[in-house]
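Student: Can you keep this structure in mind? I'll have questions shortly.
The values are calculated or read from the model by the stated rules, or taken from the named source; none is laboratory data. All figures in this text were calculated on a predicted structure; none of them were measured in a lab. Using ideal geometry, Cβ is built from the backbone for each residue, glycine included, and neighbour counts are taken over all protein chains shown. Calculation scope for accessible area: heavy atoms of the full protein, side chains included, ligands and nucleic acids excluded. Shrake-Rupley method; radii C 1.70, N 1.55, O 1.52, S 1.80 Å.
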Amino acid sequence: MTRFDGKVAVVTGSGNGIGRAIALALANAGARVVVSDVLVEDGQRTVQEISDLGGSAAFVAADVSVPEQAQNLIESASSTYGGLDILVNNAGIGGGYARLHEVDPEAFDRVVRVNLGGTFLCSKYAIPHFLAQGDGRIVNIASTYGLVGAPNAPAYCASKAAIINLTRQLAVDYGHDQIRVNAICPGYIDTSLGRRRSSLNAEQIAEATARREKAAGMQPLGRQAQPSEVADAVLFLAGDGASFMTGSIVTVDGGCTTTFNYGEASN
Ligand SMILES: NC(=O)c1ccc[n+]([C@@H]2O[C@H](COP(=O)([O-])OP(=O)(O)OC[C@H]3O[C@@H](n4cnc5c(N)ncnc54)[C@H](O)[C@@H]3O)[C@@H](O)[C@H]2O)c1
């Protein structure tokens with residue numbers, strides 16, 4: 001397994017789900033991790049979990065869609081640990097789930113501001129640190145919904161597609177500076193974003209969960225993934241094993257974007 005001893009990593013949205021798993025995995029591999037989230041207690045819990053396992057972590061509260069908070073996150077990380085090597089742009093939200101003509105403009109804007117805007121802002125403030133040290137790694141968490149259209153998710157699909165091409169664009173602009181920028185497209189991952197939609201009641205959540213499990217069951221690997229299975233891919237892309245990879249868009253989706261789905265299990 002790649003080691004990250006001495007490296008400093010920022011993971012946005014690491015109070016829960018995939019971000020939490022990435023933070024734990026990086027810390028387990030020796031990195032000093034700056035955990036960040038809008039949810040203070042959740043972020044602090046991740047820090048505690050890392051400490052309990054003997055790792056090193058600090059928490060900085062930040063809403064990645066707010067420029068001052070994104071900047072404060074990056075500057076605090078660098079000053080706390082004396083540098084910055086890895087940025088994982090993981091924080092993301094769903095929302096505005098409807099066909100486009102029924103989507104509230106504010107809901108659309110919020111999804112784009114957090115998912116795409118947060119990736120832009122954290123990268124913007126991290127890149128000067130990477131330029132100064134002549135090395136840096138960014139891993140963006142996009143989605144399979146950025147590769148294909150999905151029902152009733154115009155804002156989410158558009159924001160994730162934009163992250164994918166921003167990843168390629170940054171790879172072009174910063175390759176000569178030894179800053180590698182790659183993206184991961186998770187498929188069905190069993191997290192609260194996958195399970196919960198705040199606008200739904202308990203019965204609707206149970207129904208949506210059952211529908212999601214059924215849909216995941218029809219993909220080639222036939223199940224949802226655990227967040228740690230995404231973290232494994234992040235560690236690979238952030239590590240020296242991926243030294244010639246930049247601008248790569250890596251699916252971690254159990255094969256769901258590899259095939260037409262005829263509405264039946266593939267095996
Ligand atoms: N779960 C899936 O099936 C799935 C699939 C594809 C992509 N993704 C992507 O993976 C990433 C993580 O998703 P998850 O499933 O772990 O979600 P989650 O809801 O379990 O966790 C997301 C975390 O991000 C935080 N967050 C939300 N808005 C924020 C903001 N403005 N600033 C800082 N933190 C913020 C939340 O508080 C939460 O702790 C997201 O970008 C999501 O779009 C998830």
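Student: Do you know the relative contact order of region 147-261, to the nearest whole percent, from alpha carbon pairs under 8 angstrom that are 6+ apart?
Tutor: Relative contact order comes out at 37 percent.
Student: Here is a further query. What order do LYS7, LYS214, LYS124, LYS160 take when sorted by accessible area (1.4 Å probe), most exposed first?
Tutor: Output order, biggest surface exposure first: LYS214, LYS124, LYS7, LYS160.
Student: Which one, GLY222, TYR156, TYR174, projects farthest toward the positive side of the charge dipole computed for the chain from Cβ point charges (K/R +1, D/E -1)?
Tutor: The Cα lying farthest towards the positive end belongs to GLY222.
Student: At 0.36 nm per residue, and after removing the present C-alpha to C-alpha distance, how many nm does the segment from ASP173 to SER51 gain when stretched out fully? The partial results should precede the final answer.
Tutor: Values: separation 122, 0.36 × 122 = 43.92 nm, distance 3.69 nm.
Result for the pair: 40.2 nm of gain on full extension.
Student: Something else: What FRET efficiency do you get for VAL148 and ASP240 if R0 is 30 Å and r is their Cβ-Cβ distance, rounded to the nearest 0.05?
Tutor: With a Förster radius of 30 Å, E is 0.40.
Student: Residues of region 90-118 with amide nitrogen under 14 Å from the 7 Å Cα-to-Cβ point of LEU39?
Tutor: 91-94
Student: What FRET efficiency, computed as 1/(1 + (r/R0)^6) with R0 = 22 Å and r the Cβ-Cβ distance, is obtained for LEU100 and ASN261, rounded to the nearest 0.05?
Tutor: Values: r = 23 Å, r/R0 = 1.03.
The computed FRET efficiency comes out at 0.45.
Student: Right, something else. Can you tell me how much longer the chain between GLU68 and GLU213 gets when fully stretched, taken as 0.36 nm per residue apart minus their C-alpha distance, in nm with one decimal?
Tutor: That pair, GLU68 and GLU213, stretches by 48.3 nm at full extension.
Student: Further question: Treating cross-link reach as a plain straight distance, find the lysines whose alpha-carbon is under 26 Å from the alpha-carbon of LYS214, omitting any fewer than eight places away in the same chain.
Tutor: LYS160
Student: OK, next. I need the peptides 200-207, 109-116, 242-249 ranked by packing, meaning the mean over residues of other C-beta atoms within 10 angstrom, with the highest value on top.
Tutor: 109-116, 242-249, 200-207
Student: Based on the alpha carbons, how large is the Rg to Rh ratio for the chain when Rh follows Kirkwood?
Tutor: Details: Rg = 17.8 Å, Rh = 18.6 Å.
Dividing the radius of gyration by the Kirkwood radius yields 0.96.
Student: Taking R0 as 41 Å, what's the FRET efficiency between GLN204 and ASP135 from their Cβ-Cβ distance, rounded to 0.05?
Tutor: Computed FRET efficiency for GLN204 and ASP135: 0.30.
Student: Something else now. From Cα pairs below 8 angstrom and at least 6 apart in sequence, can you work out the relative contact order of the chain, rounded to a whole percent?
Tutor: Taking the mean separation of contacting Cα pairs over the length of the chain, I get 19 percent.
Student: Another question about this same structure. Please work out how much accessible surface LEU235 shows to a 1.4 Å probe, ignoring ligands, DNA and RNA, in Å² rounded to 10.
Tutor: Surface open to solvent at LEU235 totals about 20 Å².
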